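Take a look at the structure below.
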Amino acid sequence: MKLMNKCFYLFLLLIPLNGCGIYSFTGDSIDYTQVNTISISTFYNDAGNGPPNLNQTFTEALRDYYVRNSKLKLTESNGDLQLEGSITRYETRLQAPVSSSTNDDINDAGLERLTISVKAKYVNTTDDTFDFDKSFSFYADYDPNKNSFISIEDQLIEEITDQLVIDIFNASVANW
């Protein structure tokens, strides 16, 4: 019975939030009375390397996230909100050797790090104070002694892409 009372009071607390219109539980802060559509152009791979479908994979992840986490309708071009950009870095690099937690010996090999950076340009046609043109970067480490890069590359790309998409979403429609 106590749980039912707590749920009821929580429900009563949430009712006023529903009427605000510009904040939602998905994290966006869009005024849907002025903004209804978003156009997301295909991000180009200007890094010069990476898988051939990297730009398409990244762009589709970005589009899917906006559709799932906002009430915006995706349009081919001229959306109320517009997002375009490019992948500017796709790099693997050996990290400094890591020390073992069980003793003070230094391991012969360190971790490998995949870093992906993107440059995104965001335009809000109803309020240009939210516009930006900036870079986002994220990385993921892996142990080359346990996995070859080829065997884990897709997983690393997905992990990095997920974080980059969240960062871009937060910078644009969540205004963080």
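The values are calculated or read from the model by the stated rules, or taken from the named source; none is laboratory data. Just so we're clear, the structure is a prediction, and the values are computed from it rather than from any experiment. With ideal geometry, Cβ positions are generated from the backbone for all residues, glycine too; neighbour counts draw on all protein chains shown.
Give the range 33-57 a look and list any residue that's surrounded by 18 or more Cβ atoms within 10 Å (Cβ to Cβ), closer than 15 Å to residue 119 by Cβ and among the polar types (S, T, N, Q), or say none.
Within the range 33-57, 45, 55 qualify.
Write out, first by first residue and then by second, each pair whose Cβ atoms fall under 8 Å of each other, whose residues are 6+ apart or on separate chains, and whose first residue, in the range 119-131, is farther than 19 Å from residue 62 by Cα while the second is polar (S, T, N, Q) and part of a strand (DSSP E or B).
Cβ pairs passing all conditions: 125/82.
Could you count how many residues in the range 123-151 are within 20 Å of residue 40 (Cα to Cα), surrounded by 15 or more Cβ atoms within 10 Å (Cβ to Cβ) and among the hydrophobic types (A, V, I, L, M, F, W, C)?
Result for the range 123-151: 3.
Would you point out the residue of the range 33-54, among those that are within 16 Å of the chain's Cα centre (by Cα) and either free of Cβ contacts under 8 Å to residues at least 12 places away in the same chain or part of a loop (DSSP other than H, G, I, E, B) (or both), that is farthest from residue 161 (Cα to Cα)?
Residue satisfying both the conditions and the ranking: 41.
Consider residue 160 against the criteria (1) at pLDDT below 95; (2) assigned to a helix (DSSP H, G or I): it satisfies all of them except one. Which criterion is unmet?
(1)
Restricted to the range 58-91, and to residues that are among the β-branched types (Val, Ile, Thr) and crowded, with 18+ Cβ neighbours inside 10 Å, which residue is farthest from residue 124 (Cα to Cα)?
Among those residues, the one meeting the criterion is 88.
Looking at residue 101, is it modelled with pLDDT under 90 and exposed (fewer than 13 other Cβ atoms within 10 Å of the Cβ)?
In short, yes.
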